[in-house]
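Comments concern the structure below.
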Amino acid sequence: MAAFPSRLAGDVRSVLAVMPVAAISPVEPFRVEVQDETVTIPSRIYHGEPETGMEGSLTGAQQLILHCLYSRHSDGRVRQRRLERIVASSEPWVVPFVVQLAGEYVVEILEAIRKELPGLDVPNSFARGLYGEFIVRNPSFFARTERRVVSYWDCYYRWKYPVFGTYPGSVLAEAFRSAASEQVGAPWPRHTPPPLPAAGRPARDPSSLTR
């Protein structure tokens, strides 16, 4: 219930009613601000997915809530499938679910966000305003997300993307940072290496950015 603005409480109850009971409780919630209200979102949930008929009985808004919750699922394939149903949404309360996934380790999810999030690279677009506002409201959350991007690249993907700027997570972080910069009219603080090291200068040691 706490993962969404209070005005959605009735819709959230309807969604929870169709979700199978989980043997394991949600874990490691994180708090962010969405339009002047603090929400508390689980890092992982362990519910089985609802039957198709039960899910189809929900309204459009309720299905969006359901997809958001299952984007926190312990199974990466479920997270990706549900992400693809929410990433183009214009609802502000969807944004933290997308940004959280940008700081996780499944590279296919990072690629899906990059592909399916419309307008993030377009100056003054609706998407830039939506995500820029969220980041400005939640600077610590975004800084932690950036550090996680660097950490997962260094641990799992550096062999495939030797230059940090070519890693999908880096590309996303740059796009989100540009959205925040546009929102405040000034460069937004960086917590990742530059996308490309300056000529003749080695890239910063990622370990110095992930502590």
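The values are calculated or read from the model by the stated rules, or taken from the named source; none is laboratory data. Bear in mind that the values here come from a model prediction, so they are computed numbers and not experimental data. So basically every Cβ, Gly included, is an ideal-geometry build from the backbone, and we count neighbours across all protein chains shown. Note: areas computed on protein heavy atoms with side chains; ligands, DNA, RNA excluded. Shrake-Rupley method; radii C 1.70, N 1.55, O 1.52, S 1.80 Å.
Taking Glu174, Glu28, Glu133 in turn, the Gaussian network model of the chain (Cα-Cα springs below 10 Å) assigns the largest fluctuation to Glu28. Remark: the range 5-17, residue by residue, has Karplus-estimated 3J(HN,Hα) of x, 4, 5, 9, 4, x, 5, 5, 4, 5, 5, 4, 5 Hz, where x stands for each Gly or Pro and the curve is 6.51 cos²θ - 1.76 cosθ + 1.60 at θ = phi - 60°.
Stokes-Einstein, applied to the Kirkwood radius of the chain over Cα pairs at a viscosity of 1.002 mPa s and 20 °C, places its translational diffusion at 120 µm² s⁻¹. Between Leu83, Leu196, Leu117, the Gaussian network model of the chain with springs among Cα atoms under 10 angstrom shows the greatest mean-square fluctuation at Leu196.
Applying 1/(1 + (r/R0)^6) with R0 = 30 Å to the Cβ-Cβ distance of Ala61 and Glu116 gives a FRET efficiency near 0.95. Solvent exposure of the chain amounts to 49 Å² per residue of accessible area, where only protein heavy atoms count and the probe is 1.4 Å. Relative to the longest principal axis of the Cα atoms of the chain, the long axis of helix 107-116 lies at roughly 80 degrees.
Averaging the sequence gap over all C-alpha pairs within less than 8 Å and six or more residues apart, then dividing by the number of residues, gives the chain a relative contact order of 15 percent. Spatially, the range 54-103 and the range 1-45 are offset by 12 Å when compared through their Cα centroids. Taking a ≥ b ≥ c as the square roots of the Cα gyration tensor eigenvalues, the range 1-103 comes out rounded, since a/c falls below 1.5. Taking the helices alone, the chain has a mean residue ellipticity at 222 nm of -14500 deg cm²/dmol, built from -39,500 (n - 2.57) per DSSP H run of at least 4 residues and averaged over all its residues. Between helix 60-70 and the chain there is an angle of about 60 degrees, using the helix long axis and the longest principal axis of the Cα atoms.
Distant-in-sequence amide contacts of Arg44, defined by a placed amide H-H separation under 5 Å and a gap of 5 or more residues or a different chain, comprise Val27. Please give the net charge around Gln62, taking every other residue with its beta carbon less than 11 angstrom from that of Gln62, where Lys and Arg add +1 and Asp and Glu add -1. My count for the surroundings of Gln62 gives -1.
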